[in-house]
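Enquirer: Okay, here's the structure, questions in a sec.
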Amino acid sequence: MGKRIRNLRVKLGLKQQDLASTDISASYISLIESGKRVPSDAVLATLARKLGCSPDHLRTGHDDHVLEDIRLKLSFAEMALRNGDNGAALQSFGELLAKSEVLDRRMELRARIGQATALEKLDRIEAAIPVFEELLKDPALAAGSDEWCRVSVALSRCYRNMGDIALSIEIGERAMTTLDELGLDVTVDHIQVGSTLIGSYFMRGDLTRAHLLAQRLIPVAEEHGGRAGRGAVYWNAGLVALSRRQVPEALALTERALALMADDDNLRHVAILKTNVAWLQLQSDHPDPERALELLEDAGRTLAEVGTGVEQARCEICLIDANTHLGRWDEATAHARRAIGLLSSGPRVEAVGARVRLAELHLLRGETEEGLQALHAATRQLRHFTPSYETAHEWRHLGDVWKRHGRAKEALEAYDQALVATGMPMSYDPARSLARQRG
């Protein structure tokens with residue numbers, strides 16, 4: 001940068017004194033040109049005006065027209081990402097990063113964040129994780145900044161979606177600690193990180209921590225948070241209430257979250273919330289499958305354009321339940337097959353839920369052989385997952401279906417696995433010990 005400033009000054013026939021001002025001495029100009037000082041953004045802007053170019057040209061040495069093209073391409077890539085055109089966004093970010101020599105530090109950071117976000121939205125989470133991890137190590141990403149917060153939240157969410165709940169929580173807690181250590185009051189950043197952490201606590205079954213964090217964040221969200229931030233907190237607080245079997249409270253909290261976020265320009269988040277509200281409608285003591293179906297069909301149309309495969313599959317699974325409630329078994333079966341197809345790219349607990357629902361639809365129609373095959377397939381698939389609150393829920397669901405259709409042995413085994421997944425091991429069996437001694 002110093003050489004560029006000197007060469008341009010000499011080319012224009014200016015002396016160092018000509019670049020000086022009341023705030024910038026000629027000796028400081030000399031230090032900059034010799035590479036012994038790095039000018040601040042304000043000083044660089046002043047020098048650029050006097051040299052008749054842009055600050056970006058002094059930083060990079062590239063023609064201002066080239067830099068303007070890069071800025072436009074970066075903006076279009078970010079717009080594509082917001083609009084759900086994740087494949088096009090990923091390609092654009094990749095093309096920009098392939099020419100990193102023309103990017104300044106800020107542009108490169110934006111492109112790397114965009115690339116990782118596009119990978120996550122395309123459900124290429126294993127590829128997204130190392131990019132997010134490298135970003136968090138980058139000193140250019142200042143702790144406490146908006147970008148740092150978004151990257152921390154995304155990395156925590158990625159690990160959670162991969163099933164590593166412990167690491168997801170560790171990242172979230174570390175981010176919350178960092179924000180606290182900055183000495184600031186609880187901020188919007190706390191709300192973003194905290195709402196993700198609540199969801200991870202919920203998935204681990206750590207309901208007390210989830211509840212306490214929700215109680216901490218709700219007043220702050222009400223006072224300082226935007227509609228989207230407040231909606232995220234109420235959304236996760238609803239999950240905690242549901243886990244405590246407080247279905248009416250969970251539904252009220254999630255409905256409030258939807259009302260707060262309904263006008264948000266993040267169509268994906270609104271669609272996910274509609275899916276959650278519909279699911280809670282179906283879980284309540286007085287289900288409203290017609291309203292649930294309306295919400296889900298609306299959410300499904302949006303998620304088909306801007307959602308990930310997993311998010312679309314979760315909507316399809318709820319559509320199975322809504323149509324089953326209404327006795328529309330053909331429609332429910334079609335949604336079950338679509339959900340399984342959407343989840344075929346990798347191991348997902350949600351695929352087990354879709355298979356169990358498809359199995360029960362076969363059994364309800366008297367297609368016993370197909371139903372039993374699907375239940376056995378779901379059982380085999382579920383054994384491959386690490387025990388968690390989520391897998392416990394699926395084991396319980398599987399046991400209930402076995403029980404409803406007169407298979408007590410299989411039901412008992414599934415219930416045992418559900419208890420183990422919650423961290424409750426089987427009790428000591430003295431008869432087994434005696435048998436080992438006699439053997």
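The values are calculated or read from the model by the stated rules, or taken from the named source; none is laboratory data. Source: prediction; values computed, not measured. Cβ placement follows ideal geometry from the backbone for every residue including glycine, while neighbour counts extend to all protein chains displayed.
Enquirer: For residue 298, state whether it is over 14 Å from the mean Cα position of the chain (by Cα), modelled with pLDDT under 90 and outside the structural domain of residue 244 (by TED's automatic domain parsing). Before you say what the answer is, go through the steps one by one.
Expert: Values: over 14 Å from the mean Cα position of the chain (by Cα): yes; modelled with pLDDT under 90: no; outside the structural domain of residue 244 (by TED's automatic domain parsing): yes.
Criteria not met by residue 298.
Enquirer: Turning to a different aspect of this structure: Does residue 218 meet the test of being part of a helix (DSSP H, G or I), assigned by TED's automatic domain parsing to the domain that holds residue 286 and modelled with pLDDT of 75 or more?
Expert: Values: part of a helix (DSSP H, G or I): yes; assigned by TED's automatic domain parsing to the domain that holds residue 286: no; modelled with pLDDT of 75 or more: yes.
No.
Enquirer: Right, here's the next one. Output the qualifying pairs, or none if there are none: Cβ atoms under 6 angstrom, residues six or more apart or on different chains, first residue in segment 23-46 and more than 12 Å from residue 59 (Cβ to Cβ), second residue in a loop (DSSP other than H, G, I, E, B) and of a type outside the set (A, V, I, L, M).
Expert: Qualifying pairs under 6 Å: 31/37; 32/39.
Enquirer: Kindly state which helices (runs of 4 or more DSSP H) lie completely within segment 1-95 and contain at least 1 residues that are modelled with pLDDT of 85 or more.
Expert: 2-11, 16-19, 26-33, 41-51, 64-82
Enquirer: Would you say residue 277 is in a helix (DSSP H, G or I), within 27 Å of residue 392 (Cα to Cα) and either in contact (Cβ under 8 Å) with a residue 40 or more places away in the chain or small (Gly, Ala, Ser) (or both)?
Expert: No: the conditions fail for residue 277.
Enquirer: Take segment 381-406 and flag every residue that is within 20 Å of residue 202 (Cα to Cα) and surrounded by fewer than 16 Cβ atoms within 10 Å (Cβ to Cβ).
Expert: 386, 387, listed by residue number.
Enquirer: Consider segment 280-316. How many of its residues are touching a helix residue (DSSP H, G or I) at 6+ places or on another chain (Cβ under 9 Å), farther than 25 Å from residue 349 by Cβ and not in a helix (DSSP H, G or I)?
Expert: Qualifying residue count for the region: 2.
Enquirer: Among (1) surrounded by fewer than 19 Cβ atoms within 10 Å (Cβ to Cβ); (2) within 26 Å of residue 201 (Cβ to Cβ), there is one condition residue 299 misses while meeting the rest; what is its number?
Expert: Against the list (1) surrounded by fewer than 19 Cβ atoms within 10 Å (Cβ to Cβ); (2) within 26 Å of residue 201 (Cβ to Cβ), residue 299 comes up short only on (1).
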